[in-house]
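Each remark here refers to the structure printed beneath this line.
The values are calculated or read from the model by the stated rules, or taken from the named source; none is laboratory data. Small disclaimer: the values here were computed from a predicted structure and weren't measured. Neighbour counts run over all protein chains shown; Cβ positions are idealised from the backbone, glycine included.
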Amino acid sequence: MGEYARCLMIATALTRRLPRLEIHFALSRAAPYAAATPFPTTLLPSSATFHPREVRALIRELKPRVVVFDNAGRTAQLRAAHEVAARIVYVSSRRRQRRKAFRLRWMRLIDEHWIAYPRFIAGALNPLERLKLRVLKRPTVRFVDTLLPAPDLARSNECLARFMLEAGDYVLIVPGGGSGHAGAEQAPAIVAAAARSIARRGVPTLLVAADAAADGADPAAFLRVAPRLPPAELIELIRTARLVVCNGGDTLLQVLACGLPCVAVPIAHDQAHRIDRCVRAGLAVRAELNAHAIESAALAALERGRRAAGAPLTGRPRVRNRMEDVLEALTKLVD
């Protein structure tokens, strides 16, 4: 889900800047968001990584100016893009994908390598990576902390009205994830239970994309439940929240870039490290995947009051919105 949300935000912002630009997605038809994608889409039986033949054929048919591989892709697919003279962007958000992108044969194909997450989480370039870049003089490497679209007051007001909320007066709870994670299959139900407990304390609470909570929703009792929301709507709700409870994925960084207090709950094996880095930097509070722990952490954060978590004291890391950097890079590649 994180990769899709990132690409959707980029595509939406880029078409506003370049209205004549054509965008095409290649997605797994099993993904819950695939059918609602607002751009032309080729649906594959599963992740594009597992369908090199189909993706190569699609690239040869479309002959795109730029291909973005977000945390996915195989050498044959990158070569197909290179053969049609497309510029190639590769996004890595895990160590394994980063290592792949720093293989010499990939570096010769890639024009831009975007390392998702801030440098203090992803880790600075190591000596070997720097040496390879000096020798090959490519690709351009960017740390993309997180991506946020431009604020939209009309959309924000519409979202607040739809869920009967007031800006700065509610807790936003986003279990997140596009699929179940091993060992955390019950995460949505656990987080929903925490949301109900927080709402029972008289705190206006909005729970997003958690079917397990639907039966317990009662606007009169301070709990609202939303279906899965488009990224642009979710971010507007983040911007006006009092506190956000989320997992350790992309939403965590978006919350911190908005300068909001955050309780982060790890639901996947790679999220604990990410959350711990943010906790050590004084940017977030960690809660274990337990309804009582989540409720306690959220109530404690509310008691401490609103604090500028995304704008820490001098000398501490910051999480920055890199949307403008990304749009400028893609605009140059398309030209």
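Considered as a group, the residues in the range 198-235 that are farther than 18 Å from VAL255 by Cβ, assigned to a strand (DSSP E or B) and modelled with pLDDT of 90 or more include one that is farthest from the chain's Cα centre (by Cα), and that residue is LEU223.
Whenever a residue of the range 19-48 is among the polar types (S, T, N, Q), its partners that are surrounded by fewer than 16 Cβ atoms within 10 Å (Cβ to Cβ), lying with C-beta atoms within less than 6 angstrom and at least six residues away or across chains, give the pairs SER28/SER46. Given the structure, is ALA309 modelled with pLDDT under 95, surrounded by 14 or more Cβ atoms within 10 Å (Cβ to Cβ), in a loop (DSSP other than H, G, I, E, B) and assigned by TED's automatic domain parsing to the domain that holds LEU253? Answer is no for this residue.
Kindly indicate which of ALA101, ALA116, ALA86 is of a type in the set (A, V, I, L, M) and at pLDDT below 95. I'd like the intermediate steps shown before the answer.
Details: ALA101 fails: at pLDDT below 95; ALA86 fails: at pLDDT below 95.
Step by step, each of ALA101, ALA116, ALA86 is checked, and only ALA116 is of a type in the set (A, V, I, L, M) and at pLDDT below 95.
Yes or no: PHE25 among the aromatic types (Phe, Trp, Tyr), in the same structural domain as ALA329 (by TED's automatic domain parsing), in contact with a strand residue (DSSP E or B) (Cβ under 8 Å, 6 or more places away or on another chain) and within 16 Å of VAL334 (Cβ to Cβ)? Answer is no for this residue. Checking LEU165, LEU153, LEU160, LEU147 one by one, the residue that is in contact with a helix residue (DSSP H, G or I) (Cβ under 7 Å, 6 or more places away or on another chain) and at pLDDT 90 or above is LEU147 and no other. Of the residues making up the range 316-333, those that are in a helix (DSSP H, G or I) and either within 14 Å of the chain's Cα centre (by Cα) or in contact (Cβ under 8 Å) with a residue 24 or more places away in the chain (or both) are MET323, ASP325, VAL326, LEU327, ALA329, LEU330, THR331, LEU333.
Only a single criterion out of (1) in contact (Cβ under 8 Å) with a residue 24 or more places away in the chain; (2) under 16 Å from PHE143 (Cα atoms) is not satisfied by ILE88, namely (2).
Of the residues screened, LEU125 is not one that is free of Cβ contacts under 8 Å to residues at least 60 places away in the same chain, buried (at least 20 other Cβ atoms within 10 Å of the Cβ) and farther than 26 Å from ARG228 by Cβ.
Restricting attention to the range 108-125, which residues are under 21 Å from ALA81 (Cα atoms) and either in a strand (DSSP E or B) or assigned by TED's automatic domain parsing to the domain that holds ILE275 (or both)? Outline the logic, then answer.
Initial filter on the range 108-125 (under 21 Å from ALA81 (Cα atoms)): 108-115.
Within the range 108-125, GLU112, HIS113, TRP114, ILE115 meet the criteria.
For first residues located in the range 225-247 and among the basic types (Lys, Arg), partners that are in a strand (DSSP E or B) and lie 6+ apart or on another chain with Cβ distances below 9 Å form the pairs ARG228/VAL208; ARG242/VAL171; ARG242/LEU172.
Please verify whether LEU128 is assigned to a loop (DSSP other than H, G, I, E, B), closer than 30 Å to ARG87 by Cβ, more than 21 Å from the chain's Cα centre (by Cα) and hydrophobic (A, V, I, L, M, F, W, C), treating the condition exactly as stated. For LEU128, the condition - assigned to a loop (DSSP other than H, G, I, E, B), closer than 30 Å to ARG87 by Cβ, more than 21 Å from the chain's Cα centre (by Cα) and hydrophobic (A, V, I, L, M, F, W, C) - is not met.
All conditions but one from (1) surrounded by 24 or more Cβ atoms within 10 Å (Cβ to Cβ); (2) in contact with a Ser or Thr (Cβ under 8 Å, 6 or more places away or on another chain); (3) of a type in the set (A, V, I, L, M, F, W, C) apply to ILE238; the one that does not is (1).
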